[in-house]
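Peer 1: Got a structure for you, written out below as structure tokens; questions coming shortly.
The values are calculated or read from the model by the stated rules, or taken from the named source; none is laboratory data. Given the structure is predicted, the values throughout are model-derived calculations rather than measurements. A quick note on method: Cβ atoms are made from the backbone with ideal geometry, for glycine too, and the neighbour counts reach across all protein chains shown.
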Amino acid sequence: MAEDEKQTAAAKQRIITHMNSDHQDSLVMFLQVYNRLSSSTAKSAQLEDVSLSDMVIKAGDGARYTIPIEPPMKSLLEARHRFVDMHSHCLSSLGISDIKIEKYSAPHGHFTVIFAVCFATYVAFSRRENFLPGSLLYDLIFKRFPRFTLFCYDIQPLLISLMVGIHVCEATYMALYRLKPYRVPLLSGLWWTWMISCFIEGFGSFQRFDALVRQEKAKKEQQKPNLSGKP
């Protein structure tokens, strides 16, 4: 009996250590879904105890929450599969992916050209006065191309309005259908980097973001899920 208790305690500690070190995101989601906590409150969640019928998680605010495991497990050996199922349920409930994007992919190759052209267009068309004598851009560039400069002056209000409007829509789409599902923290430095990049260049940022998602999916397919802490 004492030997069984010792093995159970060791298995429990192995699960707790593994979840806290490698699957904290899952613990945060457990609190969000099963205890209705906000992401900010659930942040820094730590598993403190696990039994056949429930687990105790300490939230970022220091409070402890009990999450029932239903139906109760017959053995802690079931923990891996139960936690995987709970993880999948939380992903579905929160409307997010199992893939998490944690870096920014800067423009490269032809994306650099697109980014530079879009940025230059924003700068040039930000003020109609840029196409009139006396402005820095006019004196440096546009005075050499009078007909083109007049054309730019005429279309400036329409072009900048369309460009800003379209890119605002694209940035909104990026926030809702890329950053949120792939768990980029709202208003974080990474979130702002992707949003500003999308606002400037538009579609190119989506292509690079989707490439990162494909890379992460390929990595995940090579790894078998292991929530039990066993090798």
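Peer 1: Scan the stretch 153-182 and report the pairs whose first residue is under 22 Å from Ile141 (Cβ atoms) and assigned by TED's automatic domain parsing to the domain that holds Ser135 and whose second residue is hydroxyl-bearing (Ser, Thr, Tyr) and modelled with pLDDT of 95 or more, with Cβ atoms within less than 7 Å and a gap of 6+ or a chain change.
Peer 2: Ile160/Ser126; Met163/Thr121
Peer 1: Here are some residues: Leu162, Leu176, Leu158, Leu150. Which one is at pLDDT 95 or above, under 30 Å from Ser26 (Cβ atoms) and among the aliphatic types (A, V, I, L, M)?
Peer 2: Just one listed residue meets the conditions, Leu176.
Peer 1: With respect to Ile114, is the statement that it is in contact with a helix residue (DSSP H, G or I) (Cβ under 6 Å, 6 or more places away or on another chain) and touching a residue at least 12 places away in the same chain (Cβ under 8 Å) true?
Peer 2: Yes, satisfied.
To keep it simple, each residue is scored yes or no on (1) in a helix (DSSP H, G or I); (2) among the hydrophobic types (A, V, I, L, M, F, W, C).
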| site | (1), (2) |
| --- | --- |
| Asp85 | yes, no |
| Ser92 | yes, no |
| Ala106 | no, yes |
| Thr112 | yes, no |
| Val123 | yes, yes |
| Arg147 | yes, no |
| His167 | yes, no |
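Peer 1: Is it true that some residue in the stretch 84-92 is touching a helix residue (DSSP H, G or I) at 6+ places or on another chain (Cβ under 8 Å) and farther than 18 Å from Asn20 by Cα?
Peer 2: Checking the stretch 84-92: at least one residue is touching a helix residue (DSSP H, G or I) at 6+ places or on another chain (Cβ under 8 Å) and farther than 18 Å from Asn20 by Cα.
Peer 1: Report, by residue number, each residue of the stretch 124-149 that is without any contact (Cβ under 8 Å) to a residue 12 or more places away in the chain and hydrophobic (A, V, I, L, M, F, W, C).
Peer 2: Leu136, Leu140, Ile141, Phe145, Phe148
Peer 1: Could you tell me which of the residues Thr17, Thr41 is out of contact with any helix residue (DSSP H, G or I) (no Cβ under 6 Å at 6 or more places or on another chain), of a type in the set (Val, Ile, Thr) and surrounded by 15 or more Cβ atoms within 10 Å (Cβ to Cβ)?
Peer 2: Every option except Thr41 fails the conditions.
Peer 1: Please verify whether Val184 is assigned to a helix (DSSP H, G or I) and of a type outside the set (Gly, Ala, Ser), treating the condition exactly as stated.
Peer 2: no
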